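**Student:** One structure is given below, represented as structure tokens, and several questions about it will come after.
Just so it is clear, none of the values below were taken in a lab; they were calculated from the coordinates. Bear in mind that the values here come from a model prediction, so they are computed numbers and not experimental data. Neighbour counts are summed over all protein chains in view; Cβ atoms, including those assigned to glycine, are modelled from backbone coordinates with ideal geometry.
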Amino acid sequence: MHSALGRSQRSPLGDQTITIKVHARFLKSATAPEQFPVPTAPEVSFLGRSNVGKSSLINALLGQKVAHVSSTPGRTRTVNFIELRQKPESLEPDLILADLPGYGYAKISKEIRAEWPKFIEPYLSERESLRLCVCLVDANVAPQKSDRQLMDWLRHRDRELLVVATKADRLSSNQLSQSLSQLKREHQVEQILPVSAKTGSGMGELWRKLRACMGNSEIPVDPASD
Ligand code: GDP
């Protein structure tokens, strides 16, 4: 998959709406550290249990199907790298997204346990260009031990975390705020960003966090295309 479509992402920031133009391109899949691409840009990794909605979120963010939405939970067991450019002609990408394999699915947990030390842990602990780990949790599911373990592991390695609660559209606002309070308490985080790949809610704020990871955070503002 080597499409390079433009994406205009309208992002509400206060009372101002900006248009973020992003060109996304699948770069490569890696199953071993020696296959990781040369770190040419700041990187953001996406982590979460299988079926949490990671592929849907990445695709919704980019406005195109770059990440594989699997029918078999936990099927993708590679680190998939996606390059983002503000200008399609740029030699180097502005940001790289790393889509990590889902974890915590009982049927394959043994395999995953064997694979994590081989290439996921080295990736998470050693990748110098890694600026942010986006940890996805399902807003509809009670706090999970495996998520807390991963967050603790990342905190231990001084990794910057952003916890995102997926599928927020499935809950009423009361249910959502209860779920977020419980997730914050159990995972020991001050902030959790609720998102929905289905309705697009929370995408503007997530883009803002991604933008902050780019060295050059000058995103073209294009009020004409409102
Ligand atoms: P992954 O295994 O983490 O990549 O999860 P997927 O993106 O494949 O999604 C798992 C399931 O959750 C699929 O059936 C999706 O349609 C559903 N899903 C993902 N995101 C959302 C969302 O924002 N809202 C709702 N209602 N369903 C979602």
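**Student:** Which cross-chain or sequence-distant (5 or more) residues have an amide H under 5 Å from the amide H of residue 48, H modelled 1.01 Å from N in plane?
**Tutor:** 103, 136
**Student:** Between residue 174 and residue 40, what is the spin-label point distance in nm, taking each point 7 Å from the Cα along the Cα→C-beta axis?
**Tutor:** 5.3
**Student:** First obtain the Kirkwood hydrodynamic radius of segment 108-211 from its Cα pairs, then insert it into the Stokes-Einstein equation at 37 °C and 0.692 mPa s, and state the resulting D in µm² per second as a whole number.
**Tutor:** For these conditions, the coefficient is 222 µm²/s.
**Student:** Follow-up question, since we're still on this one. What are the residues whose amide H is under 5 Å from the amide H of residue 163, where those residues sit 5 or more places off or on another chain and H is modelled from the backbone?
**Tutor:** It is 135, 193, by chain and number.
**Student:** Beyond a 22 Å Cα-Cα separation, which of these cross-linked pairs lie in this structure: 28/209; 145/198; 118/167; 28/198; 54/209?
**Tutor:** In this structure, 28/209; 145/198; 118/167; 28/198 exceed 22 Å between Cα atoms.
**Student:** On to the next question. Once you put a point 7 Å from the Cα of residue 89 and another 7 Å from the Cα of residue 145, both along the Cβ direction, what distance in nm separates them?
**Tutor:** Label-label distance for residue 89 and residue 145, simple model: 5.6 nm.
**Student:** Output wanted: per-residue J couplings in Hz (rounded whole) for segment 25-39, from phi through Karplus 6.51 cos²θ - 1.76 cosθ + 1.60, θ = phi - 60°, x for Gly and Pro.
**Tutor:** 9, 5, 9, 6, 10, 10, 10, 7, x, 5, 9, 5, x, 4, x
**Student:** Ok, one more. What is the order of 50, 146, fewest Cβ neighbours within 10 Å to most?
**Tutor:** Ranking 50, 146 by Cβ neighbours within 10 Å, fewest first, gives 146, 50.
**Student:** Tally Lys and Arg at +1 and Asp and Glu at -1 over the other residues with C-beta under 9 Å from the C-beta of residue 55: what net charge comes out?
**Tutor:** +1
**Student:** Only sites in a loop by DSSP and with at most 15 other Cβ atoms within 10 Å count here; which GluC sites (Glu not before Pro) in segment 114-223 make the cut?
**Tutor:** Of the GluC sites (Glu not before Pro), the ones in loops of segment 114-223 whose Cβ has at most 15 other Cβ atoms within 10 Å are 128, 160, 190, 218.
**Student:** For segment 197-206, just list the computed ³J(HN,Hα) in residue order, Karplus coefficients 6.51, -1.76 and 1.60, θ = phi - 60°, integers in Hz, with x standing in for Gly and Pro.
**Tutor:** Using θ = phi - 60°, the values come out as 5, 6, 9, x, 5, x, 5, x, 5, 5 Hz.
**Student:** Using R₀ = 35 Å, calculate the FRET efficiency as 1/(1 + (r/R₀)^6) where r is the Cβ-Cβ separation of residue 198 and residue 160; round to 0.05.
**Tutor:** 0.80
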